Amino acid sequence: MNHADLEKTYESLARKIDEVGHDNSELFLAKLVLLLAHANGNAIDVQQFINEAAESFDLPGG
Amino acid sequence: MVRPAGRSETDSLYFTYPHFDPPSAAQKNAQQSAAVAIVGAGPIGMTTALALAREGVRSVLFDNKATFNDGSRAICIARPSFYILEQLGAVAPFLEKALGWTMGRTFYRGQKILEFHMPDSAEEKFRPMYNLQQQYIEQFLWQSVNASELIETRWQSEVTHVEDVSGGTRLCIRDPTGEYHFDADWTLACDGAHSQVRKMRGHRLKGENFEGRYVIADIQMDHDYPTIRRALFDPACRPGGTVLIHRQPDNIWRIDYQLKDDESTEAAIDENAVRASVASVLEELGYNGAWELEWWSVYTANTLALDDYRDGRVFFVGDSAHIVPIFGVRGLNNGLADAANIGWKLGWVLNGKAGETLLDSYTPERRAATLDVFANASKSARFMTPNTHGWTLMRDAALSLALSHSFAGELANPRQMTAFTYSGSPAVLSDDLAFSAGPCAGAMLPDVKMSDRYLSECLGEGFTVLCFGAELAQGITEACRKEDLLTVVTLPDTVAGTFAAGDNSAYLVRPDMHIAGRWQSVTAEQIVQAWRDVTFHTDLV
């Protein structure tokens with residue numbers, strides 16, 4: 001994925017999150033993650049990304 | 001357990017509960033002690049007694065009721081349990097009455113998202129699962145128990161105390177005519193989830209309680225749908241909740257529906273509320289005909305177990321030792337496996353065919369099986385009744401995605417019960433790493449259809465050695481002394497593939513059909529020694 005593709009993904013995500021609405025955005029993102037994880041095919045990567053995405057949240061015990 | 005207004009506890013639409021009298025004075029005088037006392041004549045107590053009788057061991061069953069169980073409501077019997085029933089000579093009425101099934105369907109908002117198939121083929125002797133009401137299970141076991149000369153049953157007899165005495169246990173029994181003592185070398189507590197023996201002995205179950213509550217109800221209706229387990233997620237009749245539907249014999253249907261957090265249990269089990277909820281489920285199923293309510297109850301999922309299933313000369317068997325969630329139908333099946341396990345082991349020890357150390361393998365084998373059940377059932381329970389925001393969100397994401405993607409539907413697969421592999425047990429030898437395939441040491445023996453019969457029908461009453469070459473088989477027979485109780489079976493080449501076996505390979509199979517050990521290449525002397533090892537013959541010298 002080059003920079004232009006990434007920018008396109010960023011924009012379509014923002015639009016889709018607004019489109020599904022505040023009440024559905026969380027479910028929408030969870031579905032998207034399952035789809036991407038299934039398509040990605042590498043369980044170790046997925047596990048690492050799950051942890052990386054949570055790094056900024058200052059979790060107890062993290 | 002509640003029945004509709006105007007009907008007593010055992011007033012069923014379709015089943016006549018028997019009435020059992022307490023024992024007579026003559027009966028009690030005739031037998032004041034036994035090798036084994038079994039507390040609780042439910043399905044686990046009766047199966048344990050039959051397993052001991054198979055080994056020629058006499059037992060006395062005590063039960064505080066005057067009829068069969070009316071509280072516990074198991075309906076699913078898994079394939080491994082059918083092998084247990086067959087070994088005990090009790091399977092015929094089960095096969096005749098029970099409804100075999102092989103598949104389940106899961107729906108989300110009315111749309112099918114998963115159809116799962118349990119392993120089955122024309123090569124299999126039994127179906128992967130059967131549905132049968134618990135009172136029939138008890139009735140069919142009772143037919144065998146009642147016919148056995150080695151089993152005495154004392155109904156209306158409550159065990160009020162279990163005391164350790166030198167070399168055994170002393171029970172205090174209370175029946176309608178008074179109290180008396182009964183001495184037993186061993187006591188087996190098969191008295192269920194609310195075990196009094198467990199309380200008397202000061203033991204507690206430990207583990208987790210899940211929050212989801214279900215109403216479970218049986219109804220009678222003329223509903224035309226095959227025996228397929230149906231699970232409904234977020235259906236119109238229970239928005240946000242789950243519903244399970246199972247078919248049983250006699251036009252009886254089991255309906256389980258989840259209660260919402262804000263629904264009080266008390267209001268939910270009111271007869272009118274149950275009728276209204278059931279009616280809405282039936283509407284969702286497209287059933288418009290007449291139906292009758294048989295009984296209902298409320299249920300919460302738990303994963304609870306004892307740390308040790310043994311306390312001196314007292315063993316805990318079935319729900320007295322562990323409580324598992326309904327999802328995956330492992331309560332009864334896990335208990336039947338306990339019963340078969342302690343039955344042959346205690347039988348062999350009492351007959352002097354195995355050393356007493358064999359009994360130390362009961363807890364590790366059966367408790368490990370329960371922990372495995374917990375792991376699987378907890379997954380199912382979290383999917384059926386997620387109790388946090390995260391579990392709920394991911395469950396909903398999987399269901400929503402499953403409408404268009406079958407991989408996500410697999411997350412809703414309930415992972416039904418399979419036999420547990422006893423690896424690492426003291427009564428199982430280390431697996432031979434020279435094998436590249438075939439069932440490993442500790443696994444339940446896979447059955448194979450041969451030309452005229454099934455492999456399971458060739459097994460001996462005790463341990464069996466499966467050989468794949470005539471020379472080794474002959475050698476083992478010659479190496480056995482009179483006291484070495486081994487049945488030697490030579491299998492045809494057509495079966496060798498299933499076992500990844502060559503001419504000098506062998507599998508040693510225990511009386512409970514679990515593999516005690518296997519060897520890619522072995523001598524007759526090694527086999528005989530292995531048998532002596534797993535039966536702890538050094539204890540006997």
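The values are calculated or read from the model by the stated rules, or taken from the named source; none is laboratory data. Here the structure is a predicted model, which is why all the values come from computation and not from measurement. Note: ideal-geometry Cβ built from the backbone for every residue, glycine included; neighbour counts use all protein chains shown.
Brief remarks follow.
- Listed by first and then second residue, the pairs with beta-carbon distance under 6 Å, at least 6 apart or on different chains, first residue in region B:485-514 and of a type in the set (S, T, Y), second assigned to a strand (DSSP E or B), are B:T487/B:T464; B:T490/B:C467; B:Y507/B:L466; B:Y507/B:I515; B:Y507/B:R518.
- Residue count for region B:304-322 satisfying the condition of being surrounded by fewer than 21 Cβ atoms within 10 Å (Cβ to Cβ) and either part of a strand (DSSP E or B) or outside the structural domain of B:A340 (by TED's automatic domain parsing) (or both): 3.
- Flag for B:A397 being more than 14 Å from chain A (Cβ to nearest Cβ) and over 30 Å from the mean Cα position of the chain (by Cα): no
- Residue in region B:357-370 that is more than 14 Å from chain A (Cβ to nearest Cβ), surrounded by 23 or more Cβ atoms within 10 Å (Cβ to Cβ) and among the β-branched types (V, I, T) present: yes
- Within region B:323-340, residues that are surrounded by 24 or more Cβ atoms within 10 Å (Cβ to Cβ) and of a type in the set (D, E) sit with their Cβ atoms under 6 Å from residues that are modelled with pLDDT of 95 or more and assigned to a loop (DSSP other than H, G, I, E, B), at 6+ positions apart or across chains, in these pairs: B:D338/B:V317.
- Any hit, region B:496-509, residues being more than 14 Å from every other protein chain (Cβ to nearest Cβ), more than 26 Å from the chain's Cα centre (by Cα), β-branched (V, I, T) and under 30 Å from B:L332 (Cβ atoms): yes
For every residue, the table says whether it meets (1) in a helix (DSSP H, G or I); (2) within 14 Å of another protein chain (Cβ to nearest Cβ).
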{"site": "A:E11", "(1), (2)": "yes, no"}
{"site": "A:A30", "(1), (2)": "yes, yes"}
{"site": "A:E52", "(1), (2)": "yes, no"}
{"site": "A:L59", "(1), (2)": "no, yes"}
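- Inside region B:93-110, residues that are without any contact (Cβ under 8 Å) to a residue 60 or more places away in the chain and under 21 Å from B:G45 (Cβ atoms) make up a count of 2.
- Residue within region B:364-379 that is over 25 Å from the mean Cα position of the chain (by Cα) and either of a type in the set (G, A, S) or in a loop (DSSP other than H, G, I, E, B) (or both) present: no
Every residue, every condition in (1) touching a residue at least 40 places away in the same chain (Cβ under 8 Å); (2) closer than 30 Å to B:V373 by Cβ; (3) not hydroxyl-bearing (S, T, Y), yes or no:
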{"site": "B:K112", "(1), (2), (3)": "no, yes, yes"}
{"site": "B:E123", "(1), (2), (3)": "yes, yes, yes"}
{"site": "B:Y136", "(1), (2), (3)": "yes, yes, no"}
{"site": "B:V159", "(1), (2), (3)": "yes, yes, yes"}
{"site": "B:V165", "(1), (2), (3)": "no, no, yes"}
{"site": "B:C190", "(1), (2), (3)": "yes, yes, yes"}
{"site": "B:S195", "(1), (2), (3)": "yes, yes, no"}
{"site": "B:R198", "(1), (2), (3)": "yes, yes, yes"}
{"site": "B:L205", "(1), (2), (3)": "yes, yes, yes"}
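- Elements of type strands (runs of 3 or more DSSP E) contained in region B:184-285, each with 2 or more residues being aromatic (F, W, Y): B:206-221, B:252-258
- Check on B:Y309, closer than 24 Å to B:M129 by Cβ and without any contact (Cβ under 8 Å) to a residue 60 or more places away in the chain: no
- Residue match in region A:14-24 (condition: exposed (fewer than 11 other Cβ atoms within 10 Å of the Cβ), assigned to a helix (DSSP H, G or I), among the aliphatic types (A, V, I, L, M) and away from every other protein chain (no Cβ under 14 Å)): yes
- Just so you know, in region B:179-196 the residues that are closer than 20 Å to B:D70 by Cα and of a type outside the set (D, E) include one that is surrounded by the fewest Cβ atoms within 10 Å (Cβ to Cβ), and it is B:H194.
Table: residues versus (1) surrounded by 16 or more Cβ atoms within 10 Å (Cβ to Cβ); (2) part of a loop (DSSP other than H, G, I, E, B); (3) within 14 Å of chain A (Cβ to nearest Cβ).
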residue: B:T392; (1), (2), (3): no, no, yes
residue: B:G409; (1), (2), (3): yes, no, yes
residue: B:D431; (1), (2), (3): yes, yes, no
residue: B:P439; (1), (2), (3): yes, yes, no
